[in-house]
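**Q** Got a structure for you, questions after.
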Amino acid sequence: MATKDLGVRFTEEKYATKNEVSRDLGISLIDNIWSNILAYRSTFNRILTLRRIEGNKFTFCYCASISDFINQVEFKAIRAMQETMKATNSNKDDKALFEKQAYVESLRYVAKVHKLDVTDAYLRSIIDDEVKDLTNSYAILRNYYNALKYVENAFVNPVDDNFLAEIFARINNLEEIVTFYRTDEDKSKDNRVLIDRIYSSAPTGLIESMMNTLFDFIANSSLFVVTKAVITYYYINYVKPFPQFNDEIAVLMMKAVIAHNDIG
């Protein structure tokens, strides 16, 4: 099969990783093949302002298959928003029920991630503030809900370090914070390798500057809102700027990017 055909196959037909290409072809040594696939993709690459830990910039591949997928997701999101507004605007009770069920779905996802055994009735009681004494492991559900409500109500506030601090305070149930970025280095064994180091999180000395770059990207990037939101989610999990709850905060920031761009 010609090199260009492999580029099309593993980019347009299936956007594959190097390991997936190796598995699908049944070949272990594919360095030359992979280089040619990357060369094909490079014609669609768009350089981002976001930098890797090593200093080089991230790129985003705007190949036809990904562009089509993004367009479909954005169309579905806008259509869902329009249909929701149409269905709930005429009846306040219907709107309240719809919103509560949406919160339940979000909290059920968080509960699943944290391996918490919950019922929808229990989640609704958290939303209604009927559960006063939550054990430590279940407190994340109430804290996430409070942070989600902040994101929903603060859609006009700029998504900057102050916005992030408000989310951080709520997800950790803190009345006041002095600093919120991680001050301890990642203890992963990968970070102690000196050659071909694989970073599982950013070194503490780079966190603030990398996050400031993210805020600038959110404010100024002209990428599609869905693309910008997913990149925001990925980048926070790449940097891992917090001691805990990085994924939860990344999800909330992704929702914030969407909410700030008229989809809600």
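The values are calculated or read from the model by the stated rules, or taken from the named source; none is laboratory data. None of the values given here were measured: they were computed from a predicted structure. Methodologically, a virtual Cβ is constructed for each residue, glycine included, from the backbone with ideal geometry; neighbour enumeration extends over all protein chains shown. Ligands, DNA and RNA are excluded from the accessible area calculation, which covers all protein heavy atoms including side chains. Shrake-Rupley method; radii C 1.70, N 1.55, O 1.52, S 1.80 Å.
**Q** Among the residues of the range 140-158, is there at least one that is open to solvent by 20 Å² or more (accessible area, probe 1.4 Å) and among the β-branched types (V, I, T)?
**A** Checked the range 140-158: at least one residue is open to solvent by 20 Å² or more (accessible area, probe 1.4 Å) and among the β-branched types (V, I, T).
**Q** Same structure, new question: Would you confirm whether any residue within the range 24-38 is open to solvent by less than 50 Å² (accessible area, probe 1.4 Å), closer than 21 Å to A219 by Cα and out of contact with any strand residue (DSSP E or B) (no Cβ under 6 Å at 6 or more places or on another chain)?
**A** So far as the range 24-38 goes, no, none of its residues is open to solvent by less than 50 Å² (accessible area, probe 1.4 Å), closer than 21 Å to A219 by Cα and out of contact with any strand residue (DSSP E or B) (no Cβ under 6 Å at 6 or more places or on another chain).
**Q** While we're looking at this one, here's another question. Looking only at the range 36-55, decide whether some residue is over 21 Å from F224 (Cα atoms), under 27 Å from the mean Cα position of the chain (by Cα), free of Cβ contacts under 8 Å to residues at least 24 places away in the same chain and in a helix (DSSP H, G or I).
**A** Within the range 36-55 (the criterion being over 21 Å from F224 (Cα atoms), under 27 Å from the mean Cα position of the chain (by Cα), free of Cβ contacts under 8 Å to residues at least 24 places away in the same chain and in a helix (DSSP H, G or I)), the answer is yes, since at least one residue qualifies.
**Q** Which condition number does A219 fail, the rest of (1) among the hydrophobic types (A, V, I, L, M, F, W, C); (2) more than 18 Å from the chain's Cα centre (by Cα); (3) loosely packed, with under 12 Cβ neighbours inside 10 Å being met?
**A** (2)
**Q** Those residues that are in a strand (DSSP E or B) and among the polar types (S, T, N, Q), I need them from the range 56-67; list them, please.
**A** T59
**Q** Also: So which residues in the range 11-35 are assigned to a helix (DSSP H, G or I) and among the β-branched types (V, I, T)?
**A** T11, V21, I33 - these are the residues of the range 11-35 that are assigned to a helix (DSSP H, G or I) and among the β-branched types (V, I, T).
**Q** Counting just the residues of the range 180-206 that are among the basic types (K, R) and at pLDDT below 90, which one comes out least open to solvent (accessible area, probe 1.4 Å)?
**A** So the residue we want is R197.
**Q** Additional query: So which of E83, E74 ends up being farther than 21 Å from I171 by Cβ, open to solvent by less than 40 Å² (accessible area, probe 1.4 Å) and modelled with pLDDT under 90?
**A** One residue alone meets the criteria, E74.
**Q** Check whether at least one residue in the range 44-62 is surrounded by 11 or more Cβ atoms within 10 Å (Cβ to Cβ), among the small types (G, A, S) and modelled with pLDDT of 90 or more, and report yes or no.
**A** Taking every residue of the range 44-62 in turn, none turns out to be surrounded by 11 or more Cβ atoms within 10 Å (Cβ to Cβ), among the small types (G, A, S) and modelled with pLDDT of 90 or more.
**Q** While we're looking at this one, here's another question. Residues of the range 1-28 being modelled with pLDDT of 90 or more and among the hydrophobic types (A, V, I, L, M, F, W, C), which ones?
**A** L6, V8, F10, A16, V21, L25, I27
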